Amino acid sequence: MKPFDKKIWLSSPTMHGDELKYMQEAYDTNWMTTAGSNLVEVEKILKDYMDMKEVVALSSGTSALHMAVKLAGIKRGEKVFCSTLTFSATVNPIVYEGGIPVFIDSEYDTWNMDPAALEKAFELYPEVRVVVLVHLYGVPAKMDEIKLICEKHGAILIEDAAESLGATYKGKQTGSFGKYSIISFNGNKIITGSSGGALLTNDIFSAHKTRKWSTQSREAAVWYQHEEIGYNYRMSNVIAGVVRGQFPYLENHIAQKKEIFNRYKEGLKDLPVSMNPYDELIVEPNFWLSCMMIKNEAFGKHVRSDKEALYVKEAGKTTPTEILEKLANINAEGRPIWKPMHLQPIFRMNPYVTRYGDGRAQTNAYLSEVVIDVSADIFNRGLCLPSDNKMTEAEQNIIIEMIRKCFE
């Protein structure tokens with residue numbers, strides 16, 4: 001196939017022009033700092049949209065997660081349950097505070113944290129009091145089950161909704177379930193500020209603490225007085241202007257992403273693949289990224305080291321590596337599924353819990369017969385497809401045809 005003249009991105013920023021108006025406002029009023037009307041307005045918009053009492057706009061989703069972990073009071077050496085199938089930014093803030101991530105396997109229904117594995121984790125580590133949950137690729141997790149388990153064990157739920165702004169579970173926004181929740185406005189998200197994020201909570205005291213910590217923990221004194229360690233985490237008024245200009249287009253972006261997902265689903269429906277799943281009766285994803293998994297019977301021979309991948313081409317079968325190579329050849333960007341945190345070199349010695357218990361404690365024979373490492377399987381057989389909402393239907397049809405050829 002002939003390569004596209006211009007690159008088809010996985011998910012790039014889609015700008016509309018209103019962003020410039022609010023950035024210009026920051027310039028004209030000389031509020032080129034971490035205060036100003038854009039910042040005030042973004043927090044108000046988010047409070048109304050998310051139906052939360054308190055929102056603190058911060059420099060990134062990661063800084064928001066750090067503040068959430070700090071608010072939860074994680075101490076050095078304390079174990080914290082965390083989704084394994086995620087980006088490392090979910091986990092790093094736990095380590096910043098000296099915590100020890102204990103990774104929880106996924107389930108196939110949503111690719112998110114498995115409630116059965118979470119319950120098993122509490123049996124193994126009953127002392128744990130914080131759970132960090134991710135809504136992967138914009139698909140909500142099983143919130144009823146997970147919240148019930150957290151409440152049963154008296155655990156604080158931190159909700160990482162960095163990828164799922166606008167997605168709902170039983171009509172309620174993701175990012176509004178946790179005691180502390182976060183969203184991201186990174187450059188590739190459903191709407192963007194080029195960077196930026198926010199912490200959400202219904203606890204006014206926690207919001208005040210976050211505002212203080214994120215502005216270097218300055219005390220209420222005429223001089224610069226400090227009684228706690230602080231951070232430079234507040235969102236810029238300029239970045240807030242970009243977010244403010246983007247927000248009116250959120251629902252439009254979601255609708256465009258949904259169309260892309262449905263075209264993939266229709267175009268690939270007779271192939272041995274499945275799209276990232278969700279329960280249409282309970283959730284409405286934001287369809288940030290369209291992902292697919294190759295079914296076992298059509299999955300070719302495929303091995304990965306820490307930095308490279310190899311596959312053997314077989315008739316009627318393919319692998320994520322082959323599809324990603326073919327996408328790159330036509331100037332389109334795909335991506336492997338997030339490599340699970342329990343498989344990352346830096347975290348390989350951390351505990352990992354499946355619904356059958358601590359996977360590291362089982363014998364190989366038992367594992368091969370009973371335990372399926374769901375997160376590793378999704379990583380092994382899955383990939384993220386080009387999902388940019390500026391991709392035309394004609395361009396997407398070419399990508400679909402290229403994927404189909406990989407199964408010949």
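Read-outs throughout are calculated quantities, based only on the coordinates presented, and are distinct from any laboratory measurement. Predicted, not measured: the structure shown is a model, and the values here were computed from it. Here the Cβ positions follow ideal geometry from the backbone for every residue, glycine too, while neighbour counts run over all protein chains shown.
Points worth noting:
- Put simply, the amide H of VAL134, placed in the peptide plane, has neighbours under 5 Å in SER83, MET113, ASP160, leaving out anything fewer than 5 places away on its chain.
- Beta bridges by DSSP in the chain, antiparallel share as percent, to the nearest 5: 60 percent
- Rounded if a/c under 1.5, otherwise prolate or oblate - region 47-89, Cα gyration tensor axes: prolate
- Selection from ALA255, GLY382, ALA141 lying farthest towards where the dipole of the chain points positive, charges on Cβ: GLY382
- Each peptide among 21-32, 175-186 gets the average number of other Cβ atoms lying within 10 Å of its residues, and from highest to lowest they stand as 175-186, 21-32.
- Three-way shape call for region 140-270 based on the alpha-carbon gyration tensor, with the a/c threshold at 1.5: oblate
- In this Cβ point-charge picture (+1 for Lys and Arg, -1 for Asp and Glu), the chain has a dipole of about 580 debye about its Cα centre.
- Taking amide H positions as modeled 1.01 Å from N, with prolines and chain starts lacking one, the residues under 5 Å from MET235 and 5 or more places away or on another chain are LEU58, SER59.
- The alpha carbon gyration tensor of region 245-358 gives principal lengths a ≥ b ≥ c with a/c of 1.5 or higher and a/b no greater than b/c, which makes the shape oblate.
- Relative protection proxy for 95-102, 274-281, from highest mean packing down: 95-102, 274-281 (other beta-carbon atoms within 10 angstrom).
- At R0 = 60 Å, FRET efficiency that the Cβ-Cβ distance of ASN30 and VAL303 yields, to 0.05: 0.55
- Shown here is the pair-distance distribution of the chain: with all Cα-Cα distances grouped in 20 Å bins from zero up to the longest one, the shares run 27, 56, 17, 1 percent.
- Net +/- balance of residues flanking SER60 in space, Cβ distance below 12 Å, scoring K and R +1, D and E -1: +2
- Taken one residue at a time, the phi angles of region 215-221 give Karplus couplings (6.51, -1.76, 1.60, θ = phi - 60°) of 10, 6, 6, 6, 7, 7, 9 Hz. Gly and Pro are set to x.
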